[in-house]
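Chemist: Have a look at this one.
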Amino acid sequence: MFIAMLRIIIYITIGVSLAAAIGLWLFGERWHPLLPSTWKGLRASGWRNFLTFKTAHAYIYGRWTNQYINLLINHIIPRLDDRHIEHLADHYHGKVLTTDQAKAIITLNLSIPLRDLEQIIPYPTARNLVLEGPPDMALYECPCRHASPNPCQPTQVCMIIGQPFVDFILEHNPKSSRPLTQAEALEILKAEHERGHVHSAWFKDIALNRFFAICNCCKCCCAGIRAMTRYGIPALASSGYVCRMDRDFCSACGMCVSACPFGALSLDGARVIVDWQLCMGCGVCGEQCPHQALSLVRDERKGVPLDVRILAQEQIVGE
């Protein structure tokens, strides 16, 4: 029922967008119903995506993000059957980042267009990474926290990365977004990590089929984390690392157990147990441990890290 309602909303918006595009094509500057960033996005996505409705879907997602995510979290995801779970993860998913990896994306000074990152983003769609360094950025109200009745604070922690996404968000959501400098972004990443929140890079099969945001996710509000821990939807890919426990330093205080966003740690008497399968390699537990008994180690079985420093260097060597 809810998926059918969502489709109706999309089709209505498609009709409005189509009428606007035809009017713009016919009348040009004399009749300009679209904001500059909307037109910019239309040109970037191409008419092929417009005709397959991806552009209209992208417009809905960017223009009414809070309403979109609220519908997804509170009404659609809890009612999904097994047939739709894989479809959802395929079309809307993220990659867990360590703090250093997130900082590397923000501070990148090289252009990096990478396509079909099968080993890094293990999903058939939306696995492209297109950055023009240093990338344009905007800080945006977190739609997941916005949908929560008692959200974690602060709520303005989502970082929109790159064009045309940044201009679209700033122009269509001026009350809940603002331009973001590199220095501010680094401070936000640091503060969110210290709060025990997870950095993640998000990809969606919107018109451009690529990476568009770095989110700072809390386990109580984040749609991706809740989808994984409550409903078994594989919305997030591991960072490529796994937590390692140093028994000599562990006091079994349990702080890391309560801090882990994915429920990968448990207390068994006088020792902490790490569930390798559940661990996503976010590094939150290590930050919260008062004895520095936890660290991240590279694990090839967990996939390839999304480290743009390495990827950019590989691209330069390949050229």
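Chemist: Could you count how many residues in region 249-290 are among the small types (Gly, Ala, Ser), assigned to a loop (DSSP other than H, G, I, E, B) and touching a residue at least 40 places away in the same chain (Cβ under 8 Å)?
Modeler: Filtering region 249-290 down to residues among the small types (Gly, Ala, Ser) leaves 251-252, 254, 258-259, 263-264, 266, 269-270, 281, 283, 286.
Restricting the remaining residues to those that are assigned to a loop (DSSP other than H, G, I, E, B) gives 251-252, 254, 263-264, 269-270, 281, 283.
Going one step further and asking which of them are touching a residue at least 40 places away in the same chain (Cβ under 8 Å), we end up with 251, 281, 283.
Number of matching residues: 3.
Chemist: Another one. Here are the criteria: (1) at positive phi; (2) without any contact (Cβ under 8 Å) to a residue 40 or more places away in the chain; (3) not hydrophobic (A, V, I, L, M, F, W, C). Tell me which single one GLY162 does not satisfy.
Modeler: (2) is the only condition that GLY162 fails.
Chemist: If you don't mind, there's one more thing I want to ask. Show the residue pairs that are 6+ apart or on different chains and have beta-carbon atoms under 9 Å apart, the first residue being within region 115-133 and polar (S, T, N, Q), the second being assigned to a loop (DSSP other than H, G, I, E, B) and surrounded by 16 or more Cβ atoms within 10 Å (Cβ to Cβ).
Modeler: GLN119/GLY303; GLN119/VAL304; THR125/ASP205; THR125/ASN209; ASN128/LEU117; ASN128/ILE121; ASN128/LEU208; ASN128/ASN209
Chemist: Is it the case, given these coordinates, that ILE214 is in contact with a Phe, Trp or Tyr (Cβ under 8 Å, 6 or more places away or on another chain) and within 18 Å of CYS285 (Cα to Cα)?
Modeler: When the stated conditions are applied, ILE214 does not pass them.
Chemist: Follow-up. Go through (1) modelled with pLDDT of 90 or more; (2) over 20 Å from ALA102 (Cα atoms) for ALA201 and report which single condition fails.
Modeler: Tallying (1) modelled with pLDDT of 90 or more; (2) over 20 Å from ALA102 (Cα atoms), ALA201 fails exactly one: (2).
Chemist: Which one is modelled with the highest pLDDT among residues in region 98-124 that are within 27 Å of GLU184 (Cα to Cα) and in a loop (DSSP other than H, G, I, E, B)? Steps first, please.
Modeler: Going through region 98-124, the residues within 27 Å of GLU184 (Cα to Cα) turn out to be 98-114.
Going one step further and asking which of them are in a loop (DSSP other than H, G, I, E, B), we end up with 98, 108-111.
On the way: THR98: 94, LEU108: 87, ASN109: 85, LEU110: 84, SER111: 86.
By that ranking, first place goes to THR98.
Chemist: Ok, one more. Do we have any residue at all in region 169-187 that's within 20 Å of ALA58 (Cβ to Cβ) and modelled with pLDDT under 90?
Modeler: Taking region 169-187 as the starting set, the residues that turn out to be within 20 Å of ALA58 (Cβ to Cβ) are 169-174, 176-177.
With modelled with pLDDT under 90 added as a condition, the list becomes none.
Scanning region 169-187, I find no residue that is within 20 Å of ALA58 (Cβ to Cβ) and modelled with pLDDT under 90, so the answer is no.
The rows are residues; the columns are (1) under 27 Å from HIS91 (Cβ atoms); (2) among the hydrophobic types (A, V, I, L, M, F, W, C); (3) surrounded by 14 or more Cβ atoms within 10 Å (Cβ to Cβ).
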| site | (1), (2), (3) |
| --- | --- |
| ILE233 | yes, yes, yes |
| MET255 | no, yes, yes |
| GLN288 | no, no, yes |
| LEU294 | no, yes, yes |
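Chemist: Within region 100-116, track down each residue that is of a type in the set (A, V, I, L, M, F, W, C) and in contact with a Ser or Thr (Cβ under 9 Å, 6 or more places away or on another chain).
Modeler: ALA102
Chemist: In region 291-305, how many are within 21 Å of the chain's Cα centre (by Cα) and part of a loop (DSSP other than H, G, I, E, B)?
Modeler: Total meeting the criteria: 3.
The values are calculated or read from the model by the stated rules, or taken from the named source; none is laboratory data. Keep in mind it's a predicted model, so treat the numbers as computed, not measured. Positions of Cβ are backbone-derived with ideal geometry, glycine not excepted, and every protein chain shown enters the neighbour counts.
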